[in-house]
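What follows is one structure encoded as structure tokens, with my remarks underneath.
Please treat every number below as a calculation from the coordinates, not as lab data. Here the structure is a predicted model, which is why all the values come from computation and not from measurement. With ideal geometry, Cβ positions are generated from the backbone for all residues, glycine too; neighbour counts draw on all protein chains shown.
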Amino acid sequence: MTLWAWARRRPFPNLPSPESRLFQVAPDARVLGHCYWHRDRTARPTILALHGLEGSSQAHYMQGVADKAWTAGFNVVLLNQRNCGGTEHLSSTLYHSGLTADTDWVLRELAAEGLTRFGVVGYSLGGNLALKLAGDYGAQAPSFLKAVVAISPVMDLPRCVDALERRSNFAYQWNFVRNLKARMRRKVSAFPERFSAEPLDRIRTVRDFDEAYTAPHFGFRDATDYYYRAASLRVVGRIQVPALIISAADDPFVPPEPFSDPAVTGNPHITALVSPHGGHCAFVAAGNGVHDGYWAEWRALEHCRLTIAD
């Protein structure tokens, strides 16, 4: 299901052309958002969507949730992480799985413009970001954050990286590493004084990449320290915003065990749904002419609609 959903062409007939907007999230970093605004935008709720590792605003699941949310009357902002979506030149820094400050900045900037009701929907790495953002806020969550949804979240990063390194996941690992290395070469070309391509030939895994680039760039001791500190599982017990987690028991590299952790099951603000099947960021069932079958996107939208209405 993971591969089928990734490879299948999907039409999104309801989406208009987006407005491209740059957010200055740090003195040396800008991120690109593709925004779908209704004419009366301040009267509408807004969904901010976050993609997964080496994804972008063009990922099928990002476009899918945008199509559904726009049709339901939401504004939609599809946010590219630093360097993603062809934006390596916009930032002299990298991104990582726990970098919630960028999302917080974008939410606050938009809230200052009169948008008062947000749902954050994250996929995979973006799902970890969404949960970590809400956990970091804890009881001080801003009033404009009404809902959080995490789909296939890598919220226990050490366990997910271990799973990715299984022989059965060679194709997924290869694809992630191929894209990470290609992006890093573009980054070196844009900022040769700051980054070196020298380690790239030695990198064979995502862990290798994080040891060589992510961890030292952000001041983590090593990849192990980075995975521990960036994992939202450490802070989900503090979430006080209505949160929905959707994952699948057959996800190839997001094991289901963390979703039964007491920090999740003991938090009344979190609903965790682990389906027997769904793959990674896929969750496809038979369509019926009205419902296209991508049920996690529908559940995410329904969660945001109900919690924002409350």
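For the stretch 16-30, backbone nitrogen atoms closer than 19 Å to the point 7 Å from residue 108 Cα along Cα-to-C-beta are found at 22-30. Shape class for the stretch 233-310: oblate, because the ratio a/c of the largest to smallest gyration tensor axis (alpha-carbon atoms, square roots of eigenvalues) is 1.5 or more and b/c is at least a/b. What shape does the stretch 6-67 have by the C-alpha gyration tensor, where a ≥ b ≥ c are the square roots of the eigenvalues, rounded means a/c under 1.5, and otherwise prolate means a/b greater than b/c and oblate the rest? Oblate.
Given the DSSP H assignment, sum -39500 (n - 2.57) over each helix run of at least 4 residues in the chain and divide by its residue total; what's the result at 222 nm in deg cm²/dmol, nearest 500? Each step should come with its number before you reach the end.
Details: 11 runs with 107 residues, N = 310.
Helices in the chain give a 222 nm mean residue ellipticity of -10000 deg cm²/dmol.
For the stretch 1-159, what class follows from the C-alpha gyration tensor (a ≥ b ≥ c being the square roots of its eigenvalues): rounded when a/c is under 1.5, otherwise prolate if a/b is larger than b/c, else oblate? Kindly include the intermediate steps, with their values, before the conclusion.
Numbers: a/c = 1.22, a/b = 1.00, b/c = 1.22.
Taking the square roots of the gyration eigenvalues as a ≥ b ≥ c, the stretch 1-159 is rounded.
When peptides 5-17, 158-170 are sorted by average Cβ neighbour count within 10 Å, with the highest value leading, the order is 158-170, 5-17. Give me the percent relative contact order of the stretch 24-129, please, defined on Cα pairs under 8 angstrom at least 6 residues apart. The value is 40 percent. Considering only beta bridges that DSSP places wholly inside the stretch 1-97, some 70 percent are antiparallel. Judged by the mean number of other Cβ atoms found within 10 Å, the most tightly packed of the peptides 89-95, 187-193, 29-35 leads the ranking 29-35, 89-95, 187-193.
Size of the dipole of the stretch 101-168 about the Cα centre, Lys and Arg at +1 and Asp and Glu at -1 on the beta carbon, nothing else charged, in debye to 20? Don't skip to the end; give the middle numbers.
Details: 7 positive and 8 negative charges, 51 e Å.
About 240 debye.
Near residue 256: Cβ cut-off under 12 Å, other residues only, Lys/Arg at +1 and Asp/Glu at -1. The net charge is -4.
Give the percent of DSSP beta bridges with both residues in the chain that are antiparallel, rounded to the nearest 5. Can you show the working numbers first?
Working: 13 of 39 bridges.
If I count the DSSP bridges inside the chain, around 35 percent turn out antiparallel.
Counting only lysines at least 8 places from residue 187 when in the same chain, those with an alpha carbon closer than 30 Å to its own are 132. Cα centroids of the stretch 161-205 and the stretch 49-92: 21 Å apart. Rounded to the nearest 20, the size of the Cβ-charge dipole of the stretch 229-304 about its Cα centre is 360 debye, with Lys and Arg at +1 and Asp and Glu at -1. Considering only 179, 267, 154, and ranking their Cα positions along the charge dipole of the stretch 152-310 that arises from unit charges at the beta-carbon of Lys, Arg, Asp and Glu, the one farthest toward the positive end is 179.
Placing unit charges on C-beta atoms (Lys and Arg positive, Asp and Glu negative, everything else neutral), compute the dipole magnitude of the chain about its Cα centre in debye, rounded to 20.
On the way: 33 positive and 30 negative charges, 98 e Å.
With Lys and Arg at +1 and Asp and Glu at -1, about 480 debye.
Each peptide in 236-247, 100-111, 146-157 gets a packing score, the mean of other Cβ atoms within 10 Å over its residues, and the list from highest to lowest is 146-157, 236-247, 100-111.
The Cβ shell under 11 Å around residue 85 holds other residues with a net charge of 0, Lys and Arg each +1, Asp and Glu each -1.
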